Amino acid sequence: MDVGSWQMIAGLVVGISVLVGLILYSRIHAFPALIIAAIVTGLVGGMPFSKVIASVTKGFGGTLGSIGIIIGFGIMMGAIFEKSGAAKRMAKVFLKLFGKGREELALATTGFIVSIPIFCDSGFVILSPLAKAISRATGKSLITLGVALAAGLVITHHLIPPTPGPVASAEYFNVPLGDMILFGLLLAIPLTIASIIYARYIGNKVFRLPAQDSDDGFVDQPYAIGAGGQWMDADDSKLPSAWKSFAPILIPVVLILLGTFTTALVPKAERVGLMFDLIDGLGSPVVAVGIGLVFAAFFLTDGMSRKDVVNTMDDSVKQAGIILLVTGGGGALGMVLRDSGAGTHVANLIATMHLPAVILPLAIATIVRLMQGSGTVAMVTSASIVAPMAATLGLNPTLGALACCTGAFIFSYFNDSYYWVVTRMLGVSDVREQIRIWSVTTTICWAVGCTILIVAGFFI
C-alpha cells in the first residue's frame with residue numbers, strides 16, 4: 001500500500017485509540033468522545049478540516065434522521081408499559097401459559113417480550129418483585145428465576161428493534177428492520193435456551209430465597225413454601241387486559257414483517273395500487289412503531305389522567321436524549337470512515353488474512369464492551385466502523401449487524417449498570433458470586449451467539 005493508504009489506516013487507529021482513551025480514562029462522555037474521535041480520525045487520515053466537519057455533521061444528521069423517531073417512540077412506549085402495569089399483566093399470562101414447574105421459562109419469556117419496548121434495566125426493576133413472589137410460592141431458588149428473567153430481558157434488548165443498539169446496527173448496515181427483527185428473534189431463541197439451562201445450574205449452586213417477612217431480605221435455606229402464592233390470585237382488576245398489554249408490541253412487529261415479506265415476495269414492478277401503498281406505508285418502521293405508541297397511549301392508560309400520561313412520556317424523553325446523541329455520534333464516526341477511505345483500506349488489509357469476515361464486528365463490539373461497559377455504545381461503535389467495509393469484506397449486512405449486537409454480550413461486569421441492577425436486586429453482594437451469577441450468563445450468550453454467526457458466515 002502507498003503512503004496515503006497507511007495514513008488513512010493510521011487515522012483509524014489513532015481515532016479509535018482516542019475514543020477508547022477518552023471513554024476509559026477521562027471525564028468526557030461517550031457522545032463528545034465519539035465526535036472528537038471522528039475529527040481526529042479524519043485529520044490524521046489526511047482529510048481537510050472543512051471536509052471532516054462536513055462528514056461529521058452529515059453522518060450525525062443522517063443517522064438521527066432515519067432512526068431518531070423510532071428510538072423516541074420506542075422509549076415513550078416503554079415508559080407507558082412501565083406505568084400502566086402492562087408488563088405485570090404479560091408476566092401473569094406467561095406464568096399461566098407455561099404452568100407449574102416451568103417458572104424460569106415463563107420469566108425468561110416475559111423478559112424476552114417485555115424488553116422489546118422497555119430497557120432491560122427498567123424491565124428488571126419492574127419484574128423482580130414477580131420473581132421474588134414466585135420464589136416464595138414455589139421454593140425455587142431466586143437466583144434461577146432472577147437470572148432467567150434478566151437474561152430474557154438483555155437478549156432482546158441486544159438483538160431486536162426498537163431498542164437503540166439493534167436499530168442503529170441495522171441502519172448502518174442498511175438492513176431492513178423487518179429482517180433485523182426476524183433474524184434477531186431466530187438468534188435470540190438458542191441464547192435464551194442456553195441461559196435458562198445455566199440459570200437452573202447456578203440457582204442450585206447459589207441457592208437463595210427471599211425472606212418471607214421482608215421485601216429486601218434473603219435466606220439461603222429452604223423454608224415452608226407458599227408465602228408468595230397469593231401473587232397469582234391477587235386482584236389485578238386495575239391492570240390492562242392481556243390483549244391490550246400485548247397489542248402495542250405485536251402491532252408494529254406484524255406491520256413491519258408484513259411489509260418486509262411483501263417486498264421480498266412481490267416484485268417492485270407489481271407492487272402498485274392502494275393496497276401495496278398501504279402495506280408499504282404501514283410497514284414503515286416509523287409508522288408501525290408510532291401506531292404501537294398511539295395504541296399504548298390510548299388503551300393502556302385508562303386509570304391515568306391526561307397529565308400523568310404526558311408527564312410519563314416527558315420523563316422518558318430525558319432518557320432518550322443521551323441515547324440519540326450517542327447514536328448520532330456513532331453515525332458521525334462512520335461517515336468520516338467512509339469519506340476518508342480508511343474503512344476500505346482496512347478491509348483490504350483484513351481480507352489478506354483470510355479470516356471469516358464476521359469476526360471483525362464481533363471482535364470490535366467485544367473489545368469496546370469490555371472496556372467501557374455500555375452494550376449500546378459497543379454496538380454503535382462496531383457498526384459505525386465495520387459497515388463502511390462490509391461490501392469490500394464480502395460481509396452479509398444482516399450477519400454484520402447481528403454480529404455487532406452479539407459481540408456486546410461479553411462478560412458484563414463492574415462498568416455495566418445492568419450488572420449492579422441484577423446482582424443487587426437478587427441480594428448478591430459477594431463479587432465472586434456476582435460474576436458466577438451474571439457475568440458468566442452474559443458470556444454464555446456471547447459464546448453461543450458468536451458460534452452461530454461464525455458458522456453462518458461460512459454459508460452466507
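When the residues of segment 378-434 are filtered to those that are polar (S, T, N, Q) and open to solvent by 10 Å² or more (accessible area, probe 1.4 Å), the one that is nearest to Ser169 (Cα to Cα) is Thr398. Annotation note: Cβ proximity below 8 Å between a residue of segment 293-316 that is within 13 Å of Ile75 (Cα to Cα) and in the same structural domain as Ile71 (by the TED database) and a residue that is outside any helix (DSSP H, G or I) and among the aliphatic types (A, V, I, L, M) (sequence gap 6+ or interchain) occurs for Thr312/Met304. Counting only residues that are within 14 Å of Val336 (Cβ to Cβ) and part of a loop (DSSP other than H, G, I, E, B), which one in segment 1-59 is nearest to the chain's Cα centre (by Cα)? Here the residue is Gly45. Taking the criterion of being at pLDDT below 95 and open to solvent by less than 10 Å² (accessible area, probe 1.4 Å), the only residue of segment 439-460 that qualifies is Ser439.
Restricting the search to segment 297-320, which residues are aliphatic (A, V, I, L, M), within 21 Å of the chain's Cα centre (by Cα) and either open to solvent by 50 Å² or more (accessible area, probe 1.4 Å) or at pLDDT 85 or above (or both)? If the condition is that a residue be aliphatic (A, V, I, L, M), within 21 Å of the chain's Cα centre (by Cα) and either open to solvent by 50 Å² or more (accessible area, probe 1.4 Å) or at pLDDT 85 or above (or both), then Met313, Val317 are the ones that fit. Checking each residue in segment 76-91 for being at pLDDT below 75 and not acidic (Asp, Glu) picks out Gly78, Ala87, Lys88, Met90, Ala91. Just one of the listed residues (Val380, Val386, Val358, Val421) is modelled with pLDDT of 85 or more and under 20 Å from Ser115 (Cα atoms), namely Val380. Say whether the condition of being under 21 Å from Phe112 (Cα atoms) and open to solvent by less than 80 Å² (accessible area, probe 1.4 Å) is met by at least one residue in segment 278-285. Yes, because at least one residue in segment 278-285 is under 21 Å from Phe112 (Cα atoms) and open to solvent by less than 80 Å² (accessible area, probe 1.4 Å). Restrict the check to segment 247-261 and report whether at least one residue is exposed (fewer than 15 other Cβ atoms within 10 Å of the Cβ), in a helix (DSSP H, G or I) and at pLDDT below 80. Yes; the residues of segment 247-261 include at least one that is exposed (fewer than 15 other Cβ atoms within 10 Å of the Cβ), in a helix (DSSP H, G or I) and at pLDDT below 80.
Applying the condition of being free of Cβ contacts under 8 Å to residues at least 12 places away in the same chain and in contact with a helix residue (DSSP H, G or I) (Cβ under 7 Å, 6 or more places away or on another chain) to segment 1-58 and asking which residue is farthest from Gly334 (Cα to Cα) yields Ile28.
For segment 173-185, check the following and say yes or no: at least one residue is open to solvent by 50 Å² or more (accessible area, probe 1.4 Å) and among the β-branched types (Val, Ile, Thr). No, segment 173-185 has no match at all. Among helices (runs of 4 or more DSSP H) entirely within segment 103-213, having at least 2 residues that are in contact with a strand residue (DSSP E or B) (Cβ under 9 Å, 6 or more places away or on another chain) singles out 120-138.
The values are calculated or read from the model by the stated rules, or taken from the named source; none is laboratory data. Computed from a predicted structure; not experimentally measured. Positions of Cβ are backbone-derived with ideal geometry, glycine not excepted, and every protein chain shown enters the neighbour counts. Ligands, DNA and RNA are stripped out before the accessible areas are found, and what is left, the full protein with its side chains, is counted by its heavy atoms. Shrake-Rupley method; radii C 1.70, N 1.55, O 1.52, S 1.80 Å.
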